[in-house]
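Worksheet for the structure shown next.
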Amino acid sequence: EKAAPAGASLRGARRRKEDHLRFPQPAMATGNSTAYAKLDYDGGASGITMTTKGVNDITDIPQKRMYELCMVFYYKTRITVKYEEPSNEFYAVRALTDPEQWETDKMQKWKLQRESIMKSLQNCGMDLYCFYNRDRNEVFVKIGASAQKLRDTAARKRHKIQMKKEYLNAYAEFRHDHPGRPEFQFKDRRIISHIYKTHTEDNLDGASIFKTMDKIYLCDHIVQSKDKDCAGINVGKLLHSSEIKAYFPLHEEMAQQELRESQIQWFLMGDDFANKLRDYFGDKICFYFLWMTFYMKWLAPLAVVGIALQIIDWMARTPDNITAIPFCLLISIWGVLLPYFWRRQEAKYAVNWGTLDLVDALEPHRPEHWGEQLINPVTSQVEPFFPWGKRLFWYAISALAMLLASAVVVFSVLVLLFMRHTMKFQATFGVVGFQFGLAAWTELMNNLLSRLAKFLTENENHRTEKEHDTAQLVKVMMIKFISSFYALYYIAFFKSHEYLFGSSMECLRDDCFLDLQSQLACFVVFRLVIMNLFEHYWPRAKFWLMTCWDHRMDMMKIMHGQGMGMELAEMSSTEMQARKAKYGNFENFDEVLIMHGYSTIFASSSPWVLAATLCAVVVEIWVDMRGLLVDRQRPMPFRAKDNEPWSTAFEVYGVIAAFTNVFLLIFASHQYDGYTLTEKLVLFCFIEHLIFGARLAVTMIFPVVPQNVGILQLKQDNMVHRCLEGIKVEQNVDFSMFRKHDATGDIQIFDYDKLEEMDEEEGSAEPELSLRDSGKSMYQGVLDEAAGHSNTLTTLRDSLGFGSNQS
């Protein structure tokens, strides 16, 4: 046989042999024993048919991408248990054990459910390709759709796809060509298929008008929706109840490799690369990386200024010097303008992606949502209903839990600060050791508080994912703000010559600005180095631990690289994707938000922190890029028009930073020691009005949606309307001189509006209410109705032959 690569030859030979032994000819999946070696589901009228194809024997499948999604089912409870194995020598030497009764029942239940789901997918016209995993304890099902199925679904759903360049690259809903009707002499014929942009050279089946993102979106709609010709499978509920193991879109090797090789473009994010990234991962993830590069570009000039001012601080031996005044104003205005100009940038990309006018659709309920089963009045579907009164109770519980957690955080921080003050000479690393210890404790508390916020939000039982994420974001912002910044606020405003647990506190070298700067440095360095290393290596370590647990491998062998290479080599690409963790955008934004707070809220006392934040953003982009391409499953692409609610969160942090920096400059520094309290308050109000007045002036000069973006949106809407309705653009030429005029004479022009006079003569005055006339009309109507019934009765009698005498 044909030689296979090292580490895969045994696997290929094994599977080719067992395929040959199990499937001497195509078999039906409705028999007593269902096998999934390498199965093609042909969708015949007689049921699901299976074709025998080994891993290295598939020669009739073209290189064109046929499948978009993958669903992983449980097959066996344990790797070593026996369940429907063929009788051959390969399985005899594996020494598989007989299952217990509960295992047999569970595997049989999985089988019935698996076949039911696959039958539903086949009945709605999906293409399926099934196979066992390496250990034969899971069944992988690749899901795809034919070109005609995609076109029919897109037309039914009114899915928007991109038009050609000559049509301004606008996005229009997909429609089928209409050949016209004979009774109208085919005048209603409308051919619009030529307006859609093709994304591959091969367009024989008509599927090239869809990007891979569109195909994934449409296939997912067919799988989960309850519309016509859809399967209606609640995948979220199946995942939540552990009835299926995984559900994810498949990677494209060539496109993934191209993105991996263009690493420099992830930091520059040109328009062409942004479009490629968006076409592969969807709008939400692309907006995240666009925000990171935008943030990095805005940080770069301030980082240079911060380094220069930090050199001056070193020369002055304190950050509390005259340069803090202009830098405070600069960073405050920068912080409030950054989110606003990002919104303008969002609008530019949204109009190019056809999502600027995107409206929020009715979201389905979350699979974790529970409650009384009632009919939704909008969708007419049965779904859980959770009353507002019960949720209000859980809101109160969440508020109390957050207050208690905040009190614990504040108390623990004060204890660590007290220990630093009283034990700084006994500790090995002195003050620096305590500062890094406080940074480590803060990160640990942030992790625990994130879990607490997630737990509380789950108990509040929100209906949709958007409501759930917004509620979780509010909790995370509030409690992690206290955890991350309370120590810095205490050092800046309360530590100097105050008492803590009966002991008099003092700042480092009696300069609280210097103390604040050193503690902030420990926070930033710890987050920049330790947390990024953890984020980068933890998914790989988790993957190795899972493999070690599944196969009971010796941990020392894995640490020395023995055995892991063979284990990974025997896995297919789809199996490796299924084992990877899911990508979470929430956690990434949360990290950047905290880092943004460190860089702006106390920047007037630590100008260098902007340069450190710039380095952290660069590292974060690289770590997230590697995680997205290597260490995580491909996320489901979603359409979006902005980064909400995170853009609002950064705007809130900008306002907090403006107030904190100005307050720090006026009330905590020594630059205004000669001012009275009243003068300081007046100066504080004046500077704040100056900052927010500058923002108001900017919003008046530069609207949130740029003028060219609004004009392009109108042009695209007009172009889409003309193309879809078949309206041709004609030149404005007056042909009235060449038309035949009516020979009856000129058009007569009257002196006044005679029609109005005729209306008045006919009695077009306002109606008046008269009870007497109304009563007469009702009385006459009753008489007429009675007379009508009397005439009808007389006619009926005459027709039946009854005369008046006979009656």
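Within region 341-376, track down each residue that is touching a Lys or Arg at 6+ places or on another chain (Cβ under 7 Å) and over 23 Å from I161 (Cβ atoms).
Within region 341-376, H365, R366, P367, H369 meet the criteria.
Which condition from (1) closer than 30 Å to P364 by Cα; (2) open to solvent by 50 Å² or more (accessible area, probe 1.4 Å); (3) in a loop (DSSP other than H, G, I, E, B) is the one that Q426 breaks?
(1)
Of the residues that sit in region 78-129 and are open to solvent by 40 Å² or more (accessible area, probe 1.4 Å) and among the aliphatic types (A, V, I, L, M), which one is modelled with the highest pLDDT?
My answer is L112.
Do you know which residues across region 349-366 are in a helix (DSSP H, G or I) and of a type outside the set (G, A, S)?
Passing the criteria: Y349, V351, N352.
Collect the residues in region 139-161 that are open to solvent by 20 Å² or more (accessible area, probe 1.4 Å) and either on the phi > 0 side of the Ramachandran plot or not hydrophobic (A, V, I, L, M, F, W, C) (or both), keeping them in residue-number order.
Scanning region 139-161 gives K142, S146, Q148, K149, R151, D152, R156, K157, R158, K160.
Would you point out which residue out of E467, E535 is modelled with pLDDT under 85 and either buried (at least 17 other Cβ atoms within 10 Å of the Cβ) or of a type outside the set (S, T, N, Q) (or both)?
E535
Tell me whether region 603-620 contains one or more residues that are modelled with pLDDT under 90, open to solvent by 10 Å² or more (accessible area, probe 1.4 Å), part of a helix (DSSP H, G or I) and in contact with a Ser or Thr (Cβ under 8 Å, 6 or more places away or on another chain).
No, there is no match, as no residue in region 603-620 is modelled with pLDDT under 90, open to solvent by 10 Å² or more (accessible area, probe 1.4 Å), part of a helix (DSSP H, G or I) and in contact with a Ser or Thr (Cβ under 8 Å, 6 or more places away or on another chain).
Go through region 231-348 and tell me which helices (runs of 4 or more DSSP H), entirely inside it, have 2 or more residues that are modelled with pLDDT of 90 or more and of a type in the set (G, A, S).
283-316
Any residue that is assigned to a loop (DSSP other than H, G, I, E, B) and in contact with a Gly (Cβ under 9 Å, 6 or more places away or on another chain) - is there at least one of those in region 198-212?
no
Take the conditions of a type outside the set (A, V, I, L, M) and free of Cβ contacts under 8 Å to residues at least 60 places away in the same chain and apply them to G437. Does it pass?
Judged against the criteria, G437 is a match.
Can you tell which of C219, C230 is within 22 Å of Q577 (Cα to Cα) and crowded, with 17+ Cβ neighbours inside 10 Å?
Going through C219, C230 in turn, just one is within 22 Å of Q577 (Cα to Cα) and crowded, with 17+ Cβ neighbours inside 10 Å: C219.
Only one of (1) of a type in the set (S, T, N, Q); (2) over 30 Å from Q517 (Cβ atoms); (3) at pLDDT 90 or above; (4) over 26 Å from the mean Cα position of the chain (by Cα) fails for S398. Which number is that?
(4)
Look through region 349-363, keep the residues that are at pLDDT 90 or above and among the small types (G, A, S), and return whichever of them is most open to solvent (accessible area, probe 1.4 Å).
Top of the filtered list is G354.
Every residue, every condition in (1) polar (S, T, N, Q); (2) more than 24 Å from M478 (Cβ to Cβ), yes or no:
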position	(1), (2)
E587	no, no
D590	no, no
S599	yes, no
F602	no, no
C615	no, yes
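Of the residues that sit in region 683-727 and are in contact (Cβ under 8 Å) with a residue 12 or more places away in the chain and among the aromatic types (F, W, Y), which one is least open to solvent (accessible area, probe 1.4 Å)?
Checked region 683-727; the qualifying residue least open to solvent (accessible area, probe 1.4 Å) is F684.
Condition check: over 30 Å from S484 (Cα atoms), among the small types (G, A, S), open to solvent by less than 40 Å² (accessible area, probe 1.4 Å) and modelled with pLDDT of 90 or more. Does A578 satisfy that?
For A578, the condition - over 30 Å from S484 (Cα atoms), among the small types (G, A, S), open to solvent by less than 40 Å² (accessible area, probe 1.4 Å) and modelled with pLDDT of 90 or more - is met.
The values are calculated or read from the model by the stated rules, or taken from the named source; none is laboratory data. Given the structure is predicted, the values throughout are model-derived calculations rather than measurements. Glycine gets a Cβ as well: all are built from the backbone with ideal geometry, and neighbour counts include every protein chain shown. In case anyone asks, the SASA skips ligands and DNA or RNA and just uses the protein heavy atoms, side chains included. Shrake-Rupley method; radii C 1.70, N 1.55, O 1.52, S 1.80 Å.
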